[in-house]
Amino acid sequence: MKKIPFFLAVLFFVSNAWAQELSVEEIVSKANNRSYYQGKDGSARASMVVTDAQGRTRQRQLTILKLNIQEGGDQKYYVYFHKPNDVKGMTYIVWKHAGKDDDRWLYLPAMDLVRRIAASDKRSSFAGTTFLYEDISGRSIDLDTHELVSSDAAYYTVKNTPKDANMVEFSYYTVKIDKNNFVPVKAEYFDKSAKLYRMIEALEVKDIQAYPTVTRMKATDLNANSHTVTEFSDIKYDVGLQEEIFTERFLRTPPQQWLKE
């Protein structure tokens, strides 16, 4: 039996590996679905610890509910704050849309006021933490152009550049994606001078109902020297949420059956 020359075998292996490599659009889509669209719906408790430049800490405890209307597309979120007392009862609803601006509402119980959050405010601080409003429900992948800048045995690294630079404070951001499960493990944001100023990291990933799920994550503001660590608990998928929960009526009258401590 005639043997294939070694160099031809290597060339065949490399060529075959490249042929099987996913496109950057497929990589981004898989990572986006892994991050935000697992299960038909889901619920989780979240504990957020905010640490400022002086080392002082503040806490937030909340419940997050999400409902997928279309995988990779429209989606709805409901967030209820349990603690501390100055934010207790505050609620936040997102209607995430494919191809257009999301709708966001925030209810402030101290003033009995429902405030519509403008699209221009989605890059502002979420409830005084280092996370942004847009981080909670995710940034639409259609808003950026994507480039695969590196690929090794363990990770993809994708560079994302906004199509409308005037709508955001960053010039681009990179995302490191685990090849094994497509969980994004690190995002780095660069300002208009190409200086790194913000990071989001997955600190812990566990399998929940066979879904790889980030259970601990950290957002860091390098300019302010502050960070927020969020730990998720009581994570459940496919719990049977009804779409009516994600309406303005439930901003003032929260669905208590989903918020029990």
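Which strands (runs of 3 or more DSSP E) does segment 28-125 wholly contain that include 2 or more residues that are free of Cβ contacts under 8 Å to residues at least 24 places away in the same chain? Steps first, answer last, please.
Details: elements: 41-51, 57-68, 75-83, 91-96, 103-108, 113-116.
Ranges flagged: 57-68, 103-108, 113-116.
From the list Lys122, Lys76, Lys96, exactly one residue is at pLDDT 95 or above, surrounded by 14 or more Cβ atoms within 10 Å (Cβ to Cβ) and charged (D, E, K, R). Which is it?
Lys76
Could you please let me know if Arg56 is surrounded by 15 or more Cβ atoms within 10 Å (Cβ to Cβ) and over 21 Å from Glu244 (Cα atoms)?
Numbers: surrounded by 15 or more Cβ atoms within 10 Å (Cβ to Cβ): no; over 21 Å from Glu244 (Cα atoms): yes.
So Arg56 does not fit the description; no.
Does segment 5-14 contain any residue that is surrounded by 11 or more Cβ atoms within 10 Å (Cβ to Cβ), at pLDDT 95 or above, of a type outside the set (D, E, K, R) and not in a loop (DSSP other than H, G, I, E, B)?
The answer is no; no qualifying residue exists.
Six or more apart or on different chains, Cβ atoms under 6 Å: show the pairs whose first residue is in segment 134-154 and at positive phi and whose second is at pLDDT 90 or above.
Note: pairs meeting the criteria are Gly138/Tyr36.
The values are calculated or read from the model by the stated rules, or taken from the named source; none is laboratory data. All figures in this text were calculated on a predicted structure; none of them were measured in a lab. With ideal geometry, Cβ positions are generated from the backbone for all residues, glycine too; neighbour counts draw on all protein chains shown.
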